[in-house]
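The structure appears below as structure tokens.
The values are calculated or read from the model by the stated rules, or taken from the named source; none is laboratory data. This one's a predicted model, so the numbers in the text were calculated from it and none came from an experiment. All Cβ positions, glycine included, derive from the backbone under ideal geometry; neighbour counts span all protein chains shown. These accessible areas exclude ligands, DNA and RNA; they are computed on the full protein's heavy atoms, side chains included. Shrake-Rupley method; radii C 1.70, N 1.55, O 1.52, S 1.80 Å.
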Amino acid sequence: MEETYLLKHPGVKKKILAGGTGPLPHFPPGTKLVFHFQTLLDNFERTVVDDSRLASRPAEIFVGKMFKLEVWETLLTSMRVGEVAEFWCDAVHTGLYPIVSKGMRLIAQGKDPLEGQRHMCGMGNLFHYHSTGFPELDELMRTPQSLIFIMELLQVGDPMSYHRESWMMEKDEKLSTVPLLHMRGNAMVKQRQFREAASEYKEAVLLLKTVQSREMPGDVDYMNLARMIIPLELNYCQCMLELHEYYQVIEHINELLDKHKDCVKGYYKRAKAHAAVWNEKEARRDFNMVAHLDPTLASLVHRELKALSECMKEKYWEEKDVYWNKLEAKDEKEEEEKVDEEEENKDAQDGDEGGKDDRDDKTEGKDWQQMLRLVMLLQEQGKVLMKEKDFQEAASKFKEALDYVDFLQNKVHRGDEDWESLEKVRLPLTLNLSQCMLELQHYQQVVQLNDKLLESHQGHFKALYQRARAHAALCNNEEARRDLAAVEKLDSQFKPFVRQELKKLGENLRSMHAQQNKTYWDATREKWGPGQARQKSVTRGSGDSEEQADDINQSCQTKKEEESDNENTASAEVTEDNGGPDEDSCTLTTTAAVSDSVASGRLA
């Protein structure tokens, strides 16, 4: 046996126990070394600490990859293949052996060697946890000492002969590997091997992110790497879409769009994923963003939105059927229990005139929570029917939901928190019902609904506007103008719509008067009463009531100032006054009064 000291490595002594074969191998960085080892204490008994043969698998390290126990790389690179050697190492080289031994033992047990460790160096974990979990290794931690390693080098691998992990590659090697992974992924996609293609794309992204992590954010190299990552990420997400892994797509695209907010394909793929998991609001938002960023895709977005609406309708009706089946089964069960209870207590209930006999059939057998769920279901169902232009059926849904709300509100005290919450539920239901009544031309019902609504919600914009439209359709001139003025006061930007409604009101009045064969004079007499218009005009002409004339002139001046805001609208109002009565047009009213005075004088 030959004994020698390893040159340039003090504290290490080597003894060859069995010679190897061939010349001393070349060990470039990344070379894989496969070996068996045995660790002994440097004492009289030469106590065995570890033996890799007991684990039924040899150990492996890679040259130049900063193995925790650096001395092992030195020992193994001094050996030939098949050689068995004994190495004595001083305590200065064996301080981290307890950490290495613990990891190998956990691997042999099928456990994660990094389980329970924090992100710090090996010695940091050593002192943080104070124990490895193995008494003999803890003793080596407390008293570092020299160790004996008996090693047998089994294999020296070519660095390019096996699949190398990303941490084993240099920067240039990683960058040259990315295009190969990209091409392999594309080929697998054409073969519809989406799972394998996704793995290739993911590995390429990890390589680029590893290289990018060593660059300064904002530098040219950093930004170039970021642009290289985008198509790989999008390809990976497309594979996940094909594999129906929609939440992974959403997660990856969210991270991508945080850095690249103008990525059209990212928004499109995320929209598809949201649509697949029934996130309608998010899907519509992303589809609209696609059309905004690239107007040439507007037709595609339109088709996708139409398909999304159809899918949401199908899902809604499926869920409705399932919900109703469950609810009906529960109601039947509760009804049976209730019948049994009533039969048992029939004698006691004969003289009791309770509210159960008078309860509406809709609420019979339903508890508070069931009715609330029914209200929400009916509201959503009504909205869908409104989108389909089925206003009659939608109105029936909203009415039924309001019946449940009425019943629940009668069960609590007015002004309580529950009553206020139900009132907030009533508001949109009433407005939707009123809109349906408008579309069905049931204008009187619209007025009644909004009158009741405005009693508890004074000055509500939508209620006022709907009531104004109903009054205009009913030719209630004063009420329509009053509500439209209130709408314009609440929101000055709504002024063009108010003017449009005023124009429609004038057209309605002219049509009504034309159907009734009324002239302007007939409408005026109908408004003021027989002979009253002449008396007013005579009073103005004779000066008997100067105060009343001043009031009329003042109101006329105010009206002229209002009409000067919009010349076209003023013309429309004058036109409608020629066809019917209008108490707000001072110019025509004054002219009519003077004409009546002249006519009265002639008759006299």
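If I take R0 = 30 Å and measure r between the Cβ atoms of residue 310 and residue 400 in this structure, what FRET efficiency does the formula 1/(1 + (r/R0)^6) give, to the nearest 0.05? Mind dumping the intermediate values first?
Working: r = 26 Å, r/R0 = 0.86.
Given R0 = 30 Å and the Cβ-Cβ separation, E is 0.70.
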* **Of 190/261; 14/68; 259/462, those spanning more than 32 Å from alpha-carbon to alpha-carbon** => 259/462
* Tell me, what is the per residue accessible area of region 11-75 in Å², probe radius 1.4 Å? -> 53 Å²
* **Accessible surface of region 433-517 [probe 1.4 Å, protein heavy atoms]: carbon and sulfur percent** => 44 percent
* Structure fact -> Scalar couplings 3J(HN,Hα) for region 252-258 by Karplus 6.51 cos²θ - 1.76 cosθ + 1.60 (θ = phi - 60°), nearest whole Hz, x for Gly and Pro, are 5, 5, 4, 5, 5, 6, 5
* Structure fact -> In whole Hz, the Karplus estimates of ³J(HN,Hα) for region 462-473 (6.51, -1.76, 1.60; θ = phi - 60°; x where Gly or Pro) are 5, 5, 4, 5, 5, 5, 4, 5, 5, 4, 5, 5
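Anything over 28 Å Cα to Cα? Flag those among 387/452; 265/389; 13/102; 8/174; 8/32, in the order listed.
Numbers: 387/452 26 Å; 265/389 34 Å; 13/102 25 Å; 8/174 33 Å; 8/32 24 Å.
From the list (387/452; 265/389; 13/102; 8/174; 8/32), the Cα-Cα distance tops 28 Å for 265/389; 8/174.
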* Structure fact -> Amide H proximity to residue 147 below 5 Å, modelled H, separation 5+ or other chain, gives 89
* Once phi is turned into θ = phi - 60°, what whole-Hz ³J(HN,Hα) does the Karplus curve with 6.51, -1.76 and 1.60 give for every residue of region 89-105, x standing for Gly and Pro? -> 10, 5, 4, 5, 9, 10, x, 8, 4, x, 5, 5, 5, 4, x, 5, 5
